[in-house]
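Q: Sending over a structure as structure tokens; questions will come in a sec.
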Amino acid sequence: MCALPVETGLLTAPPWPSMFIRGPLFIWTISGPDSGVTVHKDAHSFLSDICMFRWHTQKKGKVAFGHIDGSLSIFQPGNKSQKHVLRPDSLEGTDEEDPVSALEWDPLSTDYLLVANLHHGIRLVDSESLCCITTFSFPSAAASVQCLAWVPSAPGMFITGDSQVGVLRIWNVSRTTPVDNFKLKKTGFHCLHVLNSPPRKKFSNQSPTKNHYTSSTSEAVPPPTLTQNQAFSLPPGHAVCCFLDGGVGLYDMGAKKWDFLRDLGHVETIFDCKFKPDNPNLLATASFDGTIKVWDINTLTAVYTSPGNEGVIYSLSWAPGDLNCIAGATSRNGAFIWDIKKGKMVQRFNEHGKNGIFCIAWSHKDSKRIATCSGDGYCIIRTIDGKILHKYRHPAAVFGCDWSQNNKDMIATGCEDKNVRVYYVATSSDQPLKVFSGHTEKVFHVRWSPLREGTLCSGSDDGSVRIWDYTQDACINILSGHTAPVRGLMWNTEIPYLLISGSWDYTIKVWDTREGICLDTVCDHGADVYGLTCHPRRPFTMASCSRDSTVRLWSLTPLITPLQINILADRSWEEIIGNTDSAIEPGAPPLLCGKVSRDIRQEIEKLSGNLRVKKLRWFSECLSPPGGSDNLWNLVAVIKGQDDSLLPQNYCKGIMHLKHLIKFRTSEAQELTTVKMSKFGGGIGVPTKEERLKEAAQIHLRLGQVQRYCELMVELGEWDKALSVAPSVSVKYWKKLMQRRADQLIQEDKDDVIPYCIAIGDVKKLVHFFMSRGQLKEALLVAQAACEGNMQTFHVSTPKGPSFSDDIYKEDFNELLQEACRELAEWYFQDGRAVLAACCHLAVDNIELAMAYLIRGNELELAVCVGTVLGEPAAPATHCALELLARKCMMTPAWDLAADLLLMTPDSELQLVKLCAFCPGCTEEISDLHQKCKLPTVEECMQLAETAHADGKIFETIKYYLLSQEPEKALPIGIDFIKEHISSSDWTLDTIYPVLDLLSYIRTEKLVLHTCTEARNELLILCGYVGALLAIRRQYHSIVPALYEYTSQLLKRRKVSVPLKIEHLSEELDAWRACTQIVNPSSEDSPYTPPSDSQRLVYAALLKRLKEEPLRGIVGPDYVTGSNLPSHSDIHISCLTGLKIQGPVFFLEDGKSTISLNDALMWAKVNPFSPLGTGIRLNPF
């Protein structure tokens, strides 16, 4: 799901016009001295309704209108207004309507206008002489244009999108018929826009061989003979295509392929969303657009869609268990049951007539009962075959209903009369058992708590959420904070007091219902929030849906961090799992109280052996969000030697271990060839037999199984493709195929894309070719096939003779495989999907890099779980993750937990010293922590510090002073040591960083004392400078300039005595910028300038000082989950870069300043102190 940035503007002031159906035209000027609203003096009183209008892009004030009757109206300042002109000739003198469906000014002309009418077709007209220049003809009379766009990179060319079927047509103004036609989708276009293509990265042949191999996805090469259409070359450029079924994609017209396609989506408000009861990876959504769609939340793609034409669908409810049915509620057409597998409606309910049904609820305790509530004032309970059991009459419209999860016969309703009612369906009475009053506006949704029997909540148009206790017959809490009507409501299925609400104020709020406290407010949706849901098997992953037509997935695990760490630290069950009564006590720490956690405990208690491994995996799968965690654990199991037969059925759908890749893809190809077609017709068409055979053939080809590919191509009638690769099987086979081809020539008459040829042998070129196109999974597949010996290679003769043999090639292929894997992992990582990036590395047994990517993605809990299970190979990274988690605990604060984590690492004394030094507790708490960490008492530390100082042991002196009752004494000793070192010319980072890092753990309340002002300022400056050097070493490029600027500003504004000069810092930064652009040349906007000799010298000295990062895998920037997600309504500007933040935001200690979470993580890893220069430690982990 993405939002495209749109720029609007007319000359200097950007106005936003609006109009009524026949005028007038209002012009809204939203900036500049003339801001306000004006009325166009001529554009009013039209004789026919307006379909659309377009401002001229170059001629100020010139505007054209298209009308329902097929005519145009054109206005230009200083010229006579032309109303209702240029109607299609065939319509003149008639009353027939032929609406203008598309309208675009020629970007290279002041007067030419391209206009499409729904039935008449396309014309190029002259707005000055009011004549038609060209009328364009369609191949079929049934075709009609929905949208059109000029191609800026190809003068005289334009494209159109059909309204009924997704056919993209390319035209040239010099001919009346299309240059080419591409059927891109089965559904019609909604709109089109052409982007100028960036310069294409040419694929260079790096192989010394003179053989050249091409592919249909290479740069276009004209074939020997050109058809009439091919005499016009296709324009370079990318078309943004939007379709009526919500599909959106970027089509490369030159290469004739999709660069990106999201096949389906909603085009309107999404009112409801629910997870499938037996599958936490499937989410159903109901929309204003009249469809229900089922999404795979791991791939974020729609896998099923209902047939449509239902009007507005307000609500949905899954059938219990694995019944694969969804009940839907509509605005005019009653309710229905949709069988997903059959792809059709199997039942309809019309008891409410034409009244809108606002909510439908399928009982999960009694699968035969379905409840609906409607604007007619009734809540109706019926069986699934339509037999009415109850009709509960309300005094006004009923908007919400919910079955109790603890009593199968209890149902609650929310009504327009501001009341909540509870009914007992096991009796014949139609009167409610309870009526709860208190809301001051209509009640919409109601939700029973899954964990607290008799407790329910209600959301109202008064902006509040009320918590009701059925047993006490009372409202026990009012949650106030929303500024608009409340719609979405969701109880957490593990933490009994956790409630989530969504509102028309665009926000989602997380509540602790014990004391009515709002724990968090999220503002990412760009419109009203309607539906909220989670799955009991993944209770801390929530989905929300909105009028902004997006579904968003959220992780709630930050709310239970101490609980997660209790699991990692192997604490007792009593600190992980509890009962509802104790968990809802005010101030009680979060405990898991739901069915999933209880089931995990019961299963673990049945087992013997290494219980910790199972415990970590099962809790990790429960707590981790989707998007790769299941995939990751499957790969861990493979590496640990689990039998392949135990792998889940969906293993082959994700990133597989490469020892399985070829086997599974071969099996997939065979399945595609032989599988019988189902009669499913549920909106998303199942691929045809031809499509399956083509897909199978492509897999066989990439696996080097060329003869099977040829036979499948013959079966499809694509002889040219078969013949082009047949010689690589044998000349004999090729001749035989030629004879068969002669018998089939009559079937050759196909309008197909140019066949391509893969001459197997130059694997390196093929892999690099796929990589250059971004087809990284294809590159990985081919490289693995080569490693397994499936590729025939051309052995170039060399002076070395026979010794230059298969082993050399095998080694080359392994390098290629690793390279392809790294590229794919980096692509996932930069897309904010660190878990999938880690999967790529685990697939080739690279445990070190897999762990590093989890750490760089801040998936610390998952890294510890996986690292613990993998054991020794993952140990260094596991210890790193544990240290970062311990830092996270310092801010919770959970000092005991932090100590437990550090005690799980070897040689942890120094880390425990830092923990105890920073702990701000009372004397007794600090003493207890010292004892737990096996460190001397506070008093003993003072004596040890003085002894070490007398002996000249600087590091020991600092360490023990920090642990004493006077930690500020460590500051001057440590700072003087560092200043002395950096005054010399041959110092290195590794000599001063351990001391500086230790000093930074001085207790905050001591550091901010007035008496420590100078020492504090010097410490902040030194940490800023050393942080910049560490950022260079770790390749944290985005924060290097900010760290240098931070250090320079502190030097400029604060009174200090350190051997650093602002000019020197500026010189270093310039040298770094100049020399690192060699590695990453910048774009054409800022041309590359080679560094000067002096800059090279400065940078060389800098590198000599830095040396190499000890844990090499963690080098490179951090990207957390969601780094590339758009935020519609909650806009923040980074105080480091001055740019809008994309993805998660981190607030600094003033509560106003923000930086991106990625930058915050990198900053904290190299400089522990806040960018605001306050001396407060930064802790974004």
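Q: Rounded to whole Å, give me the distance from the Cα center of region 520-552 to that of region 57-136.
A: The distance from the Cα centre of region 520-552 to that of region 57-136 comes to 45 Å.
Q: Where Lys and Arg each count +1 and Asp and Glu each count -1, what net charge lies around ARG262 among other residues with Cβ under 13 Å from its Cβ?
A: -2
Q: Among 918-925, 336-343, what's the highest-first ranking by average C-beta atoms within 10 angstrom per residue?
A: 336-343, 918-925
Q: Mean shadow of region 603-661, computed from the convex hull of its alpha carbons, in nm²?
A: Working: hull surface 18.3 nm².
Averaged projected hull area, Cα only: 4.6 nm².
Q: I've got another one for you. Sorted by average packing, counted as other Cβ atoms within 10 angstrom per residue and highest first, what order do 613-620, 534-541 take? Before the final figure, lay out the partial values.
A: Details: 613-620: 19.9, 534-541: 22.0.
Those peptides, ordered most packed to least, come out 534-541, 613-620.
Q: I would also like to ask the following. What pairs in LYS689/LYS721; LYS509/LYS1140; LYS640/LYS694 have C-alpha atoms more than 30 Å from each other?
A: In this structure, LYS640/LYS694 exceed 30 Å between Cα atoms.
Q: Report the Stokes-Einstein translational diffusion coefficient (µm² s⁻¹, integer) for region 346-443, Rh taken as the Kirkwood radius over Cα pairs, at 10 °C with viscosity 1.306 mPa s.
A: 119
Q: Something else: Check each of the trypsin sites (Lys or Arg not before Pro) in region 934-998 and keep only those in coil by DSSP with at most 16 other C-beta atoms within 10 angstrom; list them in order. Numbers along the way, then the final one.
A: Details: sites: LYS934, LYS953, LYS959, LYS969, LYS979; in loops: LYS934, LYS953.
Loop-located and lightly packed - LYS934, LYS953.
Q: Then there is this: If you roll a 1.4 Å probe over the heavy atoms of the protein chains, what accessible area per residue do you get for region 542-651, in Å²?
A: For region 542-651, the solvent-accessible area averages 44 Å² per residue.
Q: Give me the mean projected area, in nm² to one decimal, of the convex hull enclosing the Cα positions of the chain.
A: With every direction weighted equally, the projected area is 56.3 nm².
Q: In addition: Over region 886-929, consider all pairs of different Cα atoms and compute the Kirkwood hydrodynamic radius from their mean reciprocal separation; express it in Å, one decimal. Mind dumping the intermediate values first?
A: Numbers: mean 1/r = 0.0966 Å⁻¹.
After inverting the pairwise mean of 1/r, the radius is 10.4 Å.
Q: Taking 8 Å as the Cα distance limit and 6 or more residues as the minimum spacing, I'd like the relative contact order of region 430-496 as a percentage.
A: Once normalised by length, the contact order is 31 percent.
Q: Just order 625-636, 272-283, 420-431, 299-310 by mean Cβ neighbour count inside 10 Å, highest at the front, would you?
A: Top to bottom by mean Cβ count within 10 Å: 625-636, 272-283, 299-310, 420-431.
Q: Given a 1.4 angstrom probe, I'd like the percentage of the accessible area of region 79-156 that is carbon and sulfur, rounded to a whole number.
A: Answer for region 79-156 is 48 percent, counting heavy atoms of protein chains only.
Q: How high is the relative contact order of the chain, in percent, counting Cα pairs under 8 Å that sit 6 or more residues apart?
A: Contact order relative to length: 5 percent.
Q: Which value in deg cm²/dmol, rounded to the nearest 500, describes the helix-derived mean residue ellipticity at 222 nm for the chain, given -39,500 (n - 2.57) per DSSP H run of n ≥ 4 and division by the residue count?
A: -9500 deg cm²/dmol
Q: I would also like to ask the following. Determine the share of region 354-468's accessible area contributed by carbon and sulfur atoms, expressed in whole percent, with a 1.4 angstrom probe.
A: Carbon and sulfur: 42 percent of the exposed surface of region 354-468.
Q: Another question about this same structure. How large a share of the accessible area of region 866-1004, in percent, is made up of carbon and sulfur atoms when the probe is 1.4 Å and the other protein chains stay in place?
A: 52
Q: Averaged over all directions, how much area does the convex hull of the C-alpha atoms of region 307-385 cover when projected, in nm²?
A: 4.6
Q: Using only alpha carbon pairs under 8 Å that are at least six residues apart, calculate the relative contact order of region 958-1107 and give it in whole percent.
A: On the way: 136 pairs, mean separation 33.0, N = 150.
Averaging sequence separation for qualifying contacts and normalising by length gives 22 percent for region 958-1107.
The values are calculated or read from the model by the stated rules, or taken from the named source; none is laboratory data. Note that the structure is predicted; figures quoted are calculated from it, not measured. Note that each Cβ is placed from the backbone with ideal geometry, even for glycine, and that neighbours are counted across all protein chains shown. Accessible surface is based on the protein model in full, side chains and every heavy atom, while ligands, DNA and RNA are left aside. Shrake-Rupley method; radii C 1.70, N 1.55, O 1.52, S 1.80 Å.
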